């Protein structure tokens, strides 16, 4: 017999399943994909950033909705590190405060986690696609064996957002909710489309390092990449919310120099070509010089202000399915403090399907796990009353 069903085998769903199994509930996890936690595994391909070594204020400032504060207080950045160590995976903190497993990849963590859940009796059903609530209040699934109806005491939905559909997060679940409960999805942590001139082709894939991006009042130092489709990378993602919401985007190519200092270094050009002068006087790379020509034409005589605030003209965010994550989802006013749907007692929601937005830096995994554990704990309380 199944006491609890979790729909979605990402970090939020697995965290909810673990808490409920620890409390003695018989738990089944259903996932539409052939294997669990595909987005989690994909996120770890270039190094799994599980959290940010910061205090509660740092977490809740980055992840804005007020209802998340007690949830993050209950399972914070230190708790995430302890969880990883409890699975036999030591962690380290990088210079930026980002925390990674020593193994860097997600697969060792996931294997250990799934093994622990299996030992606790958690059943994982693969290729079980949730297709809605049935007329009697149960759950309907399309499975390899046909349609199945399940009637658990409690349900935790951890259905993800609306990006990376090939990994299982397509946002299609929203049709099973009243429209007033759902905030429309928007891309988050995404690149921006740029219709490049032909001369930029040779710079596709080039990193632009040591710069500062500005979007409205937000400034972020780091690097980004010139891609065939536009601009992307960690520094772009850091300011993407402000740009998506209407702020102009510009780049300071020499953030350690003042405008006057840049002007002085450029004052004695001699017979050098402009490209050589920019390279020798300021250390600009070919990619940076190409950006200056792309966005600054016709170049003014005084290049210093342009070098310090080069506008990046773009055609808006890349498609939502290419975004690292999404904003939007189930509104908090549709949920109790325990993340239970007000109009469906016994049904809880967790993870990226909630209406919140995390910047890059480990906040997404931390908050997904925290909301999963919180929903799981309150589901236990509901089942035991």
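The values are calculated or read from the model by the stated rules, or taken from the named source; none is laboratory data. In this text, all values refer to a predicted model and were calculated from it rather than measured experimentally. Counting neighbours? That spans all protein chains shown, and the Cβs are built from the backbone with ideal geometry, glycine included.
Take the conditions closer than 28 Å to residue 91 by Cα, assigned by TED's automatic domain parsing to the domain that holds residue 91 and at pLDDT 95 or above and apply them to residue 27. Does it pass? Can you show your working first?
Working: closer than 28 Å to residue 91 by Cα: no; assigned by TED's automatic domain parsing to the domain that holds residue 91: yes; at pLDDT 95 or above: yes.
No, not satisfied.
Tell me, yes or no, whether the range 149-158 has at least one residue that is outside the structural domain of residue 286 (by TED's automatic domain parsing) and under 20 Å from the mean Cα position of the chain (by Cα). Yes.
Checking the conditions here, which among 309, 375, 383 is in contact with a helix residue (DSSP H, G or I) (Cβ under 6 Å, 6 or more places away or on another chain) and modelled with pLDDT of 95 or more? First the steps, then the outcome.
On the way: 309 fails: in contact with a helix residue (DSSP H, G or I) (Cβ under 6 Å, 6 or more places away or on another chain); 383 fails: in contact with a helix residue (DSSP H, G or I) (Cβ under 6 Å, 6 or more places away or on another chain).
None of the other options fit; the residue is 375.
So, in the range 178-208, exactly how many residues are within 23 Å of the chain's Cα centre (by Cα) and in contact (Cβ under 8 Å) with a residue 40 or more places away in the chain?
Looking only at the range 178-208, we keep the residues that are within 23 Å of the chain's Cα centre (by Cα), and these are 181-194, 205, 207-208.
With in contact (Cβ under 8 Å) with a residue 40 or more places away in the chain added as a condition, the list becomes 181-194, 207-208.
Qualifying residue count, the range 178-208: 16.
In summary, residue 95 fulfils each of the numbered conditions (1) exposed (fewer than 12 other Cβ atoms within 10 Å of the Cβ); (2) at pLDDT 95 or above; (3) under 27 Å from the mean Cα position of the chain (by Cα) with the single exception of condition (2). Surrounded by fewer than 22 Cβ atoms within 10 Å (Cβ to Cβ) and assigned to a loop (DSSP other than H, G, I, E, B): does that describe residue 377? So residue 377 does not fit the description; no. Scanning the range 218-242 for residues that are touching a residue at least 60 places away in the same chain (Cβ under 8 Å) and outside any strand (DSSP E or B) gives 229, 234, 237, 238, 240, 241.
Restricting to the range 265-276, name every residue that is closer than 25 Å to residue 204 by Cβ and not in a loop (DSSP other than H, G, I, E, B).
Filtering the range 265-276 down to residues closer than 25 Å to residue 204 by Cβ leaves 273-276.
274, 275, 276, listed by residue number.
Residue-by-condition table, conditions (1) at positive phi; (2) in the same structural domain as residue 353 (by TED's automatic domain parsing); (3) surrounded by fewer than 17 Cβ atoms within 10 Å (Cβ to Cβ):
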| residue | (1), (2), (3) |
| --- | --- |
| 133 | no, yes, yes |
| 142 | no, yes, yes |
| 160 | yes, yes, no |
| 173 | no, yes, no |
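Of the residues examined, residue 17 is not one that is out of contact with any helix residue (DSSP H, G or I) (no Cβ under 8 Å at 6 or more places or on another chain) and not in a loop (DSSP other than H, G, I, E, B). In the range 45-64, of all residues being touching a strand residue (DSSP E or B) at 6+ places or on another chain (Cβ under 8 Å) and not in a helix (DSSP H, G or I), the one that is surrounded by the most Cβ atoms within 10 Å (Cβ to Cβ) corresponds to 51.
Would you point out the residue of the range 75-84, among those that are out of contact with any strand residue (DSSP E or B) (no Cβ under 7 Å at 6 or more places or on another chain) and in a helix (DSSP H, G or I), that is surrounded by the most Cβ atoms within 10 Å (Cβ to Cβ)?
Looking only at the range 75-84, we keep the residues that are out of contact with any strand residue (DSSP E or B) (no Cβ under 7 Å at 6 or more places or on another chain), and these are 75-76, 78-79, 82-83.
Add one more test, that the residue is in a helix (DSSP H, G or I), and what stays is 78-79, 82-83.
Numbers: 78: 13, 79: 17, 82: 12, 83: 20.
Among them, the one singled out is 83.
Of the numbered criteria (1) surrounded by 21 or more Cβ atoms within 10 Å (Cβ to Cβ); (2) under 30 Å from residue 382 (Cβ atoms); (3) at pLDDT 95 or above, the one residue 190 fails is (2). When you look at residue 106, is it in contact (Cβ under 8 Å) with a residue 24 or more places away in the chain and either farther than 29 Å from residue 332 by Cα or more than 19 Å from the chain's Cα centre (by Cα) (or both), yes or no? Yes; evaluated as a whole, the condition is true for this residue.
Please name all residue pairs, on different chains or six or more residues apart, with Cβ atoms under 8 Å, provided the first residue is in the range 1-19 and is without any contact (Cβ under 8 Å) to a residue 40 or more places away in the chain and the second residue is surrounded by fewer than 24 Cβ atoms within 10 Å (Cβ to Cβ). Hits for this filter: 1/26.
Against the test of being at pLDDT 95 or above, within 19 Å of the chain's Cα centre (by Cα), closer than 22 Å to residue 62 by Cα and buried (at least 19 other Cβ atoms within 10 Å of the Cβ), the options 231, 243 yield a single qualifying residue, 243. Applying the selection to the range 279-297, what residues are over 14 Å from residue 211 (Cβ atoms) and in a helix (DSSP H, G or I)? Correct list: 279, 280, 281, 286, 293, 294, 296. Of everything listed in (1) surrounded by 18 or more Cβ atoms within 10 Å (Cβ to Cβ); (2) in contact with a strand residue (DSSP E or B) (Cβ under 9 Å, 6 or more places away or on another chain), the single unmet condition for residue 106 is (2). Taken together, the residues in the range 135-158 that are closer than 18 Å to residue 348 by Cβ and in a loop (DSSP other than H, G, I, E, B) amount to 6.
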